[in-house]
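What follows is a short report on a single structure.
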């Protein structure tokens, strides 16, 4: 039985006072939510509307768009080439996100293990890699893997692989994505490593010392104590990395400009660019953009559900 004063009476007649949640935090969230809706709501609305219209070059010069319903979706997604791009993008996203988080976790654990100037050098190096402009980073990797004057080919030849002289890494899709993965991982690892390292610094030394006194070895401490404590941080950076790697565009585009086969190396972002800017099919590009949004939600759902469970626990 609930009384008018916010108390609940049990079967024993004991009154239990309910804890009322203050409304102030929710009111303070209203401006941020309003800004988010204005900043994201209109672009998403425009994409949805455009995906249902015939919107091409003529509409750019003032012709009214024609409503076509789901014809853009049907025309795009009945093309087998699109599904190859989707499969390629998902594979590239998951492989790179997993490698990035794995390498970042290893570097974070290493930074926690070392001390003094070694840790400072590692942190400065990671920050410099993270601060490097994207175009500059891609340009450096293009020089490294250049088939005429690249350092990688020169080094392999010096080690005895004479057949690698003049080898072009960008002309085959598999090696193209290997070079692209190097760039994406190299630029993403610093954020992951520093984020996980920040989580590792919050692990209590008293807990670790108690584990050592109980006879736990370094491996047991790492996997049974440290990892469960920083698992929420790892889940968050993995979620962010999946979202970022699914939207990779500039790295692929800049490598394609170096002579790679475009049709065999397009990811979803590049395919949208090709449809919209290249073919002036903005309705089709908007349809693929909506699909990418839904795909991002599907790939992110397990991690969001896990984070909500952790928050409740």
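The values are calculated or read from the model by the stated rules, or taken from the named source; none is laboratory data. Quick caveat, the model's predicted, so the values are computed rather than measured. All Cβ positions, even for glycine, are placed from backbone atoms using ideal geometry, and neighbour counts span all protein chains on display.
Number of residues in the range 102-117 that are assigned to a helix (DSSP H, G or I) and either at pLDDT 90 or above or touching a helix residue (DSSP H, G or I) at 6+ places or on another chain (Cβ under 8 Å) (or both): the value is 11.
Of all residues in the range 131-150, those that are touching a helix residue (DSSP H, G or I) at 6+ places or on another chain (Cβ under 6 Å) and at pLDDT below 90 total 1. Can you confirm whether the range 287-309 contains a residue that is in contact with a helix residue (DSSP H, G or I) (Cβ under 8 Å, 6 or more places away or on another chain), at pLDDT below 90, surrounded by fewer than 16 Cβ atoms within 10 Å (Cβ to Cβ) and in a loop (DSSP other than H, G, I, E, B)? Checked against the condition, which is being in contact with a helix residue (DSSP H, G or I) (Cβ under 8 Å, 6 or more places away or on another chain), at pLDDT below 90, surrounded by fewer than 16 Cβ atoms within 10 Å (Cβ to Cβ) and in a loop (DSSP other than H, G, I, E, B), the range 287-309 yields no hits at all. Would you be able to say whether some residue in the range 90-97 is surrounded by fewer than 18 Cβ atoms within 10 Å (Cβ to Cβ), in contact (Cβ under 8 Å) with a residue 12 or more places away in the chain, on the phi < 0 side of the Ramachandran plot and touching a strand residue (DSSP E or B) at 6+ places or on another chain (Cβ under 9 Å)? There is no residue in the range 90-97 that is surrounded by fewer than 18 Cβ atoms within 10 Å (Cβ to Cβ), in contact (Cβ under 8 Å) with a residue 12 or more places away in the chain, on the phi < 0 side of the Ramachandran plot and touching a strand residue (DSSP E or B) at 6+ places or on another chain (Cβ under 9 Å). With respect to the stated conditions, residue 175 fails to be surrounded by fewer than 21 Cβ atoms within 10 Å (Cβ to Cβ), outside any helix (DSSP H, G or I) and without any contact (Cβ under 8 Å) to a residue 60 or more places away in the chain. Scan the range 67-101 for residues that are out of contact with any helix residue (DSSP H, G or I) (no Cβ under 9 Å at 6 or more places or on another chain) and within 18 Å of residue 223 (Cβ to Cβ) and the total you get is 0.
Yes or no, residue by residue, for (1) buried (at least 18 other Cβ atoms within 10 Å of the Cβ); (2) more than 30 Å from residue 143 (Cβ to Cβ); (3) at pLDDT 90 or above:
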{"position": "203", "(1), (2), (3)": "no, yes, no"}
{"position": "224", "(1), (2), (3)": "no, yes, no"}
{"position": "248", "(1), (2), (3)": "yes, no, yes"}
{"position": "259", "(1), (2), (3)": "no, no, no"}
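Show the residue pairs that are 6+ apart or on different chains and have beta-carbon atoms under 7 Å apart, the first residue being within the range 130-158 and farther than 14 Å from residue 169 by Cα, the second being part of a loop (DSSP other than H, G, I, E, B). Once the first residue is farther than 14 Å from residue 169 by Cα and sits in the range 130-158, its partners that are part of a loop (DSSP other than H, G, I, E, B) give 157/165.
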